[in-house]
Every structure is written in C-alpha cells, then in structure tokens.
Amino acid sequence: MKNNILKITMFAIIICLLQAKVCMGQNQKVFEMAYPKSKTISVNEKYSKSIIIYPFKQKESLYSLSVSAKVQLNGYKSLVRVVLINENGEEYLVLESYYMIEEQKQINFTDYGDETAMLNGVGASSIKIEIEDASILLETVSYNNSSQNKLVASGVFMIGVIGGALLPLFQGILADMLGGVWRWTWLIVVIGELYILYYGLAGSKVIQSNSNLID
C-alpha cells in the first residue's frame, strides 16, 4: 500500500513539473490577458435620465472597453444599462444592473465590461446610458486600441486539448506501475479537473496593464 502511494505521489509530481515548465516557458502569467497601452477617460458625471454621451474625441478602434461606476437603484423597477455603440449603430453591452439581480441598492463597479471585455477592433462612436428609477455616477471609461493583445489563455486551452489525449496514456502507465490497479489512476483526472476549476473561478480574469490617464 505504501509503495502504491509513493508511486502515485511521484507520478503526480512529474506531471506538475511538466505543467510548470510549460507555464514558465510563456515568460509571463499564464492566465493573464494583457492589453498594452490601455487608456482611461475621466468622466465623473452623475446621470439620472437616459442619455447618449460621446467620450471619444476621435475615431477609435477598440479591442476592449470597461467602465468604473457607482449605481443607485431606487426600487423594484430600477434599471441601469450602459451600452457601447459603434459607427454602424451596433450595440455592445458594457454594464447592466437592475433590482432583481442585485442584493443591495448601491453597487460599485470597477473596470467592468460585459460584452466589451474583448472586442475585435470595434469602431467606437458613443455610449448609451439607459436609466429607469435609478442613477449612475460614471467615473471612468477605460479602453484599449491596440490589436497586439497577448491572449495566453487560448494557448493554454490548446495545451489542454493535447492533455485530453495524453491523460489516458498516463493512466495506463500508472496502472501498469500499480500492478494493473486502475482505482488510484483517477487521481490524475481529478488533478486536471481541479486545474480547470481554478481557471474558471480565478485564472481567467482579465487583467489590464499600463493604464494611462487622459483628461
């Protein structure tokens, strides 16, 4: 029994070391989606009625957009929605808050972007703010206009596809080492599932870097 546990432990360590080597080879945080040269527009305006604003001083092709804001909901019919509108009139949801989904009436959003967290060079025109029985203090609008996004996470997923083909092989090798016992080999699968769980809960968060403030 002790020999089996030792073999499983050594095998798990080898897999972790191989995985760490791949991650270190990226020369940056594996799950970081870095948007270089991100810019921030200071708004600091409070709105209590629906309005369309034009924060972009010139034509911009956006690859990400987020806002920081404070929302005040007054009742069960309260609604606040922030939408990016491109030059063709197409809409992209940035932020949405309403009474039924919020646990409190005052909500703070920091660098929040829904459908605008990743864009494909959208030509920005304006931002529409829809308000019903509520108010919003729009503090900043942050965006990235560089197409040189380092989407390392996509590479990790491709490695994951290869892992799906290799894990059964590793299970078979470990089963042979354990004398044909498959029970303990499922720990390899558990490790992989825990890794995916980590990515879904924490590792996939978008990180913006090198922010520059624009007056």
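The values are calculated or read from the model by the stated rules, or taken from the named source; none is laboratory data. Just so you know, these numbers come straight off a predicted model, no measurement behind them. In this analysis, Cβ positions are derived from the backbone assuming ideal geometry, glycine residues included, and neighbour counts consider all displayed protein chains.
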Among the residues of segment 40-74, which ones are more than 19 Å from Gly121 (Cβ to Cβ) and part of a loop (DSSP other than H, G, I, E, B)?
Ser48, Lys49, Ser50, Tyr54, Asn74
Looking at segment 169-192, which of its residues are surrounded by 14 or more Cβ atoms within 10 Å (Cβ to Cβ), assigned to a helix (DSSP H, G or I), over 32 Å from the mean Cα position of the chain (by Cα) and aliphatic (A, V, I, L, M)?
Leu174, Ala175, Met177
Looking only at segment 66-85, and only at residues there that are over 17 Å from Leu137 (Cβ atoms) and within 22 Å of the chain's Cα centre (by Cα), the one that is surrounded by the most Cβ atoms within 10 Å (Cβ to Cβ):
Leu84
Which ones in segment 69-97 are out of contact with any helix residue (DSSP H, G or I) (no Cβ under 7 Å at 6 or more places or on another chain), within 16 Å of Tyr47 (Cβ to Cβ) and hydroxyl-bearing (Ser, Thr, Tyr)?
Ser97
Can you pull out the residues in segment 47-92 that are of a type in the set (Ser, Thr, Tyr), touching a residue at least 60 places away in the same chain (Cβ under 8 Å) and farther than 12 Å from Leu119 by Cα?
Tyr47, Ser48, Ser50, Tyr54, Ser68
Looking at (1) at pLDDT below 85; (2) closer than 15 Å to Val67 by Cβ; (3) of a type in the set (Ser, Thr, Tyr), which is the only condition Thr185 fails?
(2)
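Say whether the condition of being touching a Phe, Trp or Tyr at 6+ places or on another chain (Cβ under 6 Å) and at pLDDT 90 or above is met by at least one residue in segment 40-62.
No - not one qualifying residue is present in segment 40-62.
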For residues that are over 18 Å from Ile53 (Cα atoms) and part of a loop (DSSP other than H, G, I, E, B), tally how many sit in segment 75-119.
13
